[in-house]
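As structure tokens, the structure follows; a few thoughts come after it.
Read the figures in this text as sums done on the coordinates, not as results from a lab. This is a predicted model, so every value here is computed, not measured. For neighbour counting, all protein chains shown are included, and Cβ atoms are generated from backbone atoms with ideal geometry for every residue, glycine included.
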Amino acid sequence: MIDPSAIQGLREIVGEEYVLTRKVDLVTYSYDATADVPRQIPDAVVMPASSREIRDIVNLARMRGIAIYPRGAGTNLSGGAIPLDRGIVLSFQRMNRILQVDAENLTATVQPGVVIQELNNAVAPHGLMYPPDPGTVNTATMGGSVAENSGGLRGLKYGVTKHYVMGMEVVLANGNIVRFGGKTVKNVTAYDFSSLFVGSEGTLGIITEITVKLIPAPKFRRTMLATYQTIEDAGNTVAGIIRAQVIPATLEILDRMTIETVEAYAHVGLPTDAEALLLIEVDGMAEVVVQAEAEAVIRTVAENHGVLRLAKSDAERDQLWAARRAALPALASLNNTVVLEDATVPRSHITDMLVACGNIGRKYNLVLGTFGHAGDGNLHPTILADKNNAEEMERVHRAVEEIFETALRFGGTLSGEHGIGIAKMKFLGDEIGETGLDLMRSIKDALDPTHLLNPGKLVPAREATHAGR
């Protein structure tokens, strides 16, 4: 338990109403969207309103040896926001202001609690957009997405969060407030500190302000739904579209299990007799180019035995994308535990990975649906299970391990966008080796020597890895 004097100190920093200590409140902050990971009810939830308040909280916590767990909206899928021991959850829900939209320099500066969709709503009147587009875009926050280096549905063409962060303000574990980068298009002064903190999962510093790049919103787009009778034809279409040198804004896949579940959940008219479907959108500033790309997609779909449907209106387009965003909540409705993974492979192996996921589900007799960002090789094999069934959960764990082993065998990675958090730490050495783990530990120890910030996440203890097997 935190000493009562420490609680009083926190109240003096942020105000009494912004320090939560009742159990009914604390339980709410003891989990995120990740299933099947350890958790702990924190001692307090603190809601600062400024970087100076965060600095004072960090200084108090450091002097008293209290862990700090930064938290955005809690949509994280690798346990990054979950307290693992007693300590403070630092919530950014009060730091939710868009500080500036600078249309002249194509930038926006925001506090970490700004919801991504709210940023896009603010820049849309300027004809601009912020491209990173996670499935939880209506709830995920900018700080959380930067800490996790989130991707999303537009990652194939537009990239992920790290491609848009130009600068930031950070409170370090020693209480110092530092700024990196800014609005300049070019900046090679000193180390690229902003890139170090993107994807650091709250383990190196607390991000308090972010400057991001904006781009002109495309004026034209074509949205298509392609259905297939085999998962192989769908996967081969993905490879064929890229081979035709078309880079869609989005190229998403749903397997039969996911299609049936989404249709039963959302009633959007998906073809439940298909083994797989692709949701494809091409966009751009020139209508003739967009049309040419759409025609190349249509040809590729036909060559791979797909049946194509074009969205005829914005309303129909929005309905199709709502179906894709419903994949996770729809699957989650089937059982009390959803283990959603994030295996990513080179695009040339997308068909192999799709087939492997189906085989792994059958091998371990599990309900497994796969959906994801097929265009960039980022798949989300999703297992539905009963957490109260120990034997079934053991099969889930073995299936997850085989999914990761398979992705690495195909030259892939453990995570394309969900991060490492708690859930994947024990596999990290399989990808980066012991020397990579030692480098991570060195950076953590240099910036946070007492492991004050989000301890137990991303940077594994030596005995927690598989390296050297």
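What pairs from Lys219/Lys424; Lys157/Lys424; Lys183/Lys219; Lys23/Lys363; Lys23/Lys457 go past 30 Å between their alpha carbons?
Beyond 30 Å: Lys219/Lys424; Lys23/Lys363.
Report, in degrees rounded to the nearest 10, the 0 to 90 angle that the Cα long axis of helix 428-447 makes with the longest principal axis of the chain.
So the helix axis and the longest Cα principal axis differ by about 30 degrees.
Relative to the longest principal axis of the chain, what angle (0 to 90°, nearest 10) does the C-alpha long axis of helix 287-303 take?
70 degrees
Roughly speaking, what is the centre-to-centre gap between region 274-319 and region 412-445 when only Cα atoms are used, to the nearest Å?
Here the two parts' Cα centres lie 37 Å apart.
So for Met129, Met63, fewest C-beta neighbours within 10 Å to most, what's the order?
Result, fewest neighbours first: Met63, Met129.
Divide by every residue of the chain the summed helix terms, -39500 (n - 2.57) for each DSSP H run of at least 4, and state the resulting mean residue ellipticity at 222 nm, rounded to the nearest 500 deg cm²/dmol. Could the numbers behind the result be given before it?
Details: 15 runs with 168 residues, N = 469.
Mean residue ellipticity, 222 nm, calculated: -11000 deg cm²/dmol.
Based on alpha-carbon centroids, what's the gap between region 194-210 and region 385-410 in Å, whole number please?
31 Å
Neighbour counts of other C-beta atoms within 10 Å: give me Met393, Met353 arranged from fewest to most.
Ascending Cβ contact count within 10 Å gives the list Met393, Met353.
Does anyone have the angle between helix 350-363 and the longest principal axis of the chain? Alpha-carbon axes, 0 to 90°, nearest 10?
80 degrees
Compute the length gained on full extension between Arg409 and Gln40: take 0.36 nm times their separation in residues and subtract their Cα-Cα distance, giving the result in nm to one decimal.
129.4 nm
Fewest Cβ neighbours within 10 Å first, please rank Leu447, Leu310 accordingly. Display every interim value, and only then the final one.
Values: Leu447 18, Leu310 12.
The most exposed by this proxy come first: Leu310, Leu447.
Hey, if you put +1 on the Cβ of every Lys and Arg and -1 on every Asp and Glu Cβ in region 425-464, which of Asn454, Gly429, Ile443 ends up farthest toward the positive end of that dipole?
Looking along the dipole axis, the top candidate is Asn454.
Evaluate the charge dipole of the chain about its Cα centre and quote only its size in Debye, nearest 20, assuming +1 on the Cβ of each Lys and Arg and -1 on the Cβ of each Asp and Glu. Before the final figure, lay out the partial values.
Working: 44 positive and 56 negative charges, 151 e Å.
Using Cβ point charges on Lys, Arg, Asp and Glu, the chain gives about 720 debye.
May I ask you to compute the full-extension gain from Lys363 to Gln93, defined as 0.36 nm times their residue separation minus their alpha-carbon distance, rounded to one decimal in nm? It would help to have the intermediate numbers written out before the result.
Values: separation 270, 0.36 × 270 = 97.20 nm, distance 4.34 nm.
Residue separation times 0.36 nm, minus the Cα-Cα distance, leaves 92.9 nm.
State to the nearest 20 debye the size of the charge dipole of region 425-464 about its Cα centre, where the only charges are +1 on K and R beta carbons and -1 on D and E beta carbons.
Taking the Cα centre of region 425-464 as origin, the dipole is about 140 debye.
Where the centre of each part is set by its Cα atoms, how far does region 121-155 sit from region 1-80, in angstrom?
Each part reduced to its Cα centre gives a spacing of 25 Å.
Return the FRET efficiency for the residue pair Thr189, Thr139: r is the Cβ-Cβ distance, R0 is 30 Å, and the value is rounded to the nearest 0.05.
Efficiency computed from Cβ-Cβ geometry: 0.25.
So what are the ³J(HN,Hα) numbers for region 88-98, from phi and the Karplus equation (6.51, -1.76, 1.60; θ = phi - 60°), rounded to whole Hz, Gly and Pro as x?
Karplus values, whole Hz, x for Gly and Pro: 10, 8, 9, 9, 9, 5, 7, 8, 10, 9, 7.
Please name whichever of Thr261, Leu384, Pro134 sits farthest to the positive end of the charge dipole of the chain, dipole taken about the Cα centre and charges placed at Cβ: Lys and Arg +1, Asp and Glu -1.
Of the candidates, Pro134 comes out farthest on the positive side.
Which trypsin sites (Lys or Arg not before Pro) in region 1-64 pass both tests, a DSSP loop state and at most 11 other beta-carbon atoms within 10 Å?
Arg22
With +1 on the Cβ of every Lys and Arg and -1 on the Cβ of every Asp and Glu, and nothing else charged, how large is the dipole of region 220-409 about its Cα centre, in debye rounded to the nearest 20?
Details: 17 positive and 28 negative charges, 30 e Å.
Charge dipole, region 220-409, about its Cα centre: 140 debye, nearest 20.
Under a Cβ-Cβ cut-off of 13 Å, what is the net charge of the residues other than Leu128 that fall near it, where Lys and Arg count +1 and Asp and Glu count -1?
Residues near Leu128 contribute 0 overall.
Counting only other residues whose beta carbon sits under 12 Å from that of Gly306, what net charge do I get with K and R as +1, D and E as -1? Display every interim value, and only then the final one.
Details: positive: Arg299, Arg309; negative: Glu232, Asp233, Glu275, Glu303.
Surrounding charge for Gly306 is -2.
Which trypsin sites (Lys or Arg not before Pro) from region 309-356 combine a DSSP loop assignment with at most 12 other Cβ atoms within 10 Å?
Lys312
Output ³J(HN,Hα) for region 147-158: one whole-Hz value per residue in order, computed from phi by the Karplus curve 6.51 cos²θ - 1.76 cosθ + 1.60 with θ = phi - 60°, and x for Gly and Pro.
In residue order, the calculated couplings are 4, 9, 6, 5, x, x, 6, 9, x, 4, 8, 9 Hz.
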